[in-house]
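Report on the structure given below.
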Amino acid sequence: MANFQYKAVDHLGKRKTGVIVGANKDIVKSQLARMRYRIIKLEEVSANAESNGLSLLGGRIKLDKKGNMELSLSAEGKVTDKVLIVFIRQLQTMISSGVPLNQSLEILSRQQRVPSFRKSIENVQKSIEEGGSFSESLAKYPKTFDSLVISMVRAGEESGKIAEILTKLGSYVEKSAKMKQQIKSAMTYPTVIMFVAVSVICGLLIFVVPALTSQFTASGRALPALTQFVMNISDAIKYNWYFILGALVGIAYGLVTYCSTVKGKRNLDGFLLRAPIIGDLVRKVVVGRFCSTMASMLGSGVNIMQALTISSQTSGNVEISDFILHVRAKVEQGQLLSVPIKENKLFPMMVTSMIEVGEKSGRLEEMLLKVSDFYEEEVAEAVKNMISMIEPILIVFIGITVGILVVAMYLPILDMGNNIGN
């Protein structure tokens, strides 16, 4: 995904500027056209092109004309899923109770503790007061409100069912957040165990091994090969730890930098989809997210072409995103949704069959929702299975490593005993 800065004129003749996120320039042009914007200028910008200074506590430190520092609140910024869910739920409740949209936004903005999010809501409210629609106002802040939120709100405005759409939107964001949390939980446990294991092993090599082996080296006897090997590792870590740490940091930085490029992101996403153990979980997450997004969009009245575009943007995987755009092109040519989806083996037969049945019966949204619910349970089960597989692997690794250290320390003692016995 890329950021595109635009200058345009809306249907009322007012000049509009902002940044919008999209896979490419053509998709962004389509999004702006649906907002009834006439484009004056559109260019791709870097993710931090709008920032002018140092970010701090939801604001930004800038230098004024005299060179003095000043803190200004950012009008946009990422918010957590929890904050967004609470905001959507509260807004839906207030609108359902008959509270006008402007008044609802004013009340909710005062309740926000995140400065950037509060500022975004205040600016959305001002934009609506100036004559802009709710969806158009949200579209000015693509980092805070993504394309799915904007499209569903626009569909709610057009159908006159904004409260109902917000209910579906809240359920979608909540389900998505739950899935993210499951994945984080799955990765946290093995990461902590691995960190503790490596810390303990390094502690043994740096402090315990030298203390025990100093007696053997003082005797002048030749040490067993395994003991000497462990001592060499201990000395390397003890006396060259800064080189090792620097190398690890350099490798980590290089990997992060590479994965932030288009090619690196594509290779990483492809690897994750096919990796042992974790690949099955990633596939289920991607398929479940696609079905959930499509069900929410179609149920809100968004046409299938726009739903596929937004699904590609929210897939979270470059390879799947490209495939969904391929599916969109095929659907645009007149094919049924299920036909091109069958081309990708990452989508199980059960999913394609359910989509095909939904298309033929006219209940596509219902079928997608059932698949989404099914995969939500599958992800939870996959998380448990992954942990149950990783846990014994880590235990065996720790046991073998500690066992090697113990054997290496006892071999000289056994040799000394044999020499005394002889």
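The values are calculated or read from the model by the stated rules, or taken from the named source; none is laboratory data. None of the values given here were measured: they were computed from a predicted structure. A quick note on method: Cβ atoms are made from the backbone with ideal geometry, for glycine too, and the neighbour counts reach across all protein chains shown.
What about Glu391, is it outside any helix (DSSP H, G or I), of a type in the set (Asp, Glu) and over 15 Å from Val286 (Cβ atoms)?
no
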Task: Top-ranked residue of the range 167-196 - restricted to ones that are in contact with a helix residue (DSSP H, G or I) (Cβ under 8 Å, 6 or more places away or on another chain) and over 23 Å from Lys370 (Cβ atoms), ranked as surrounded by the fewest Cβ atoms within 10 Å (Cβ to Cβ) - done: Ser185
TODO: Could you list all residues from the range 244-302 that are over 21 Å from Met349 (Cα atoms), free of Cβ contacts under 8 Å to residues at least 12 places away in the same chain and either of a type in the set (Gly, Ala, Ser) or not assigned by TED's automatic domain parsing to the domain that holds Val318 (or both)?
DONE: Gly246, Ala247, Gly250, Ala252, Gly254, Ser260, Gly264
TODO: Consider only pairs whose beta carbons are under 7 Å apart and that are at least six residues apart or on different chains; among these, list those whose first residue lies in the range 393-422 and is not assigned by TED's automatic domain parsing to the domain that holds Pro210 and modelled with pLDDT under 75 and whose second residue is surrounded by 14 or more Cβ atoms within 10 Å (Cβ to Cβ) and of a type in the set (Asp, Glu).
DONE: none
Task: Where a residue in the range 358-370 is in a helix (DSSP H, G or I) and its partner, wherever it lies, is among the basic types (Lys, Arg), with Cβ under 9 Å and at least six apart - done: Gly358/Lys370
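Conditions (1) among the aliphatic types (A, V, I, L, M); (2) over 30 Å from Asp81 (Cβ atoms); (3) at pLDDT below 85; (4) outside any helix (DSSP H, G or I), marked per residue:
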{"position": "Met179", "(1), (2), (3), (4)": "yes, no, yes, no"}
{"position": "Lys184", "(1), (2), (3), (4)": "no, no, yes, no"}
{"position": "Ala197", "(1), (2), (3), (4)": "yes, yes, yes, no"}
{"position": "Tyr242", "(1), (2), (3), (4)": "no, yes, no, no"}
TODO: For the range 282-300, enumerate the residues that are of a type in the set (Ser, Thr, Tyr) and farther than 13 Å from Lys175 by Cβ.
DONE: Ser300
Open item on the list: Within the range 71-81, does at least one residue satisfy the condition of being at pLDDT 85 or above and assigned to a loop (DSSP other than H, G, I, E, B)?
Closed with: no
- [ ] Could you please find all residues in the range 124-166 being buried (at least 18 other Cβ atoms within 10 Å of the Cβ), within 18 Å of Val99 (Cα to Cα) and not assigned by TED's automatic domain parsing to the domain that holds Gly98?
- [x] Val153, Gly156, Ile162, Ile165, Leu166
Open item on the list: Just to verify a result, which residue in the range 343-364, among those that are surrounded by 17 or more Cβ atoms within 10 Å (Cβ to Cβ) and of a type outside the set (Phe, Trp, Tyr), is nearest to Ile304 (Cα to Cα)?
Closed with: Leu364
Open item on the list: Could you tell me how many of the residues in the range 105-117 are within 23 Å of the chain's Cα centre (by Cα) and in a helix (DSSP H, G or I)?
Closed with: 3
Open item on the list: Please verify whether Ser372 is farther than 30 Å from Val331 by Cα and small (Gly, Ala, Ser), treating the condition exactly as stated.
Closed with: no
TODO: Identify the residue in the range 81-116 that is hydroxyl-bearing (Ser, Thr, Tyr) and touching a residue at least 12 places away in the same chain (Cβ under 8 Å) and, among all such residues, is farthest from Glu130 (Cα to Cα).
DONE: Ser96
- [ ] Report, by residue number, each residue of the range 264-305 that is over 20 Å from Gln31 (Cα atoms) and among the hydroxyl-bearing types (Ser, Thr, Tyr).
- [x] Ser292
Open item on the list: Against the conditions (1) surrounded by 16 or more Cβ atoms within 10 Å (Cβ to Cβ); (2) of a type in the set (Val, Ile, Thr); (3) at pLDDT below 90, where does Ile121 fall short? Just the number, please.
Closed with: (3)
- [ ] Within the range 129-156, track down each residue that is more than 20 Å from the chain's Cα centre (by Cα) and under 17 Å from Gln112 (Cβ atoms).
- [x] Ser137, Leu138
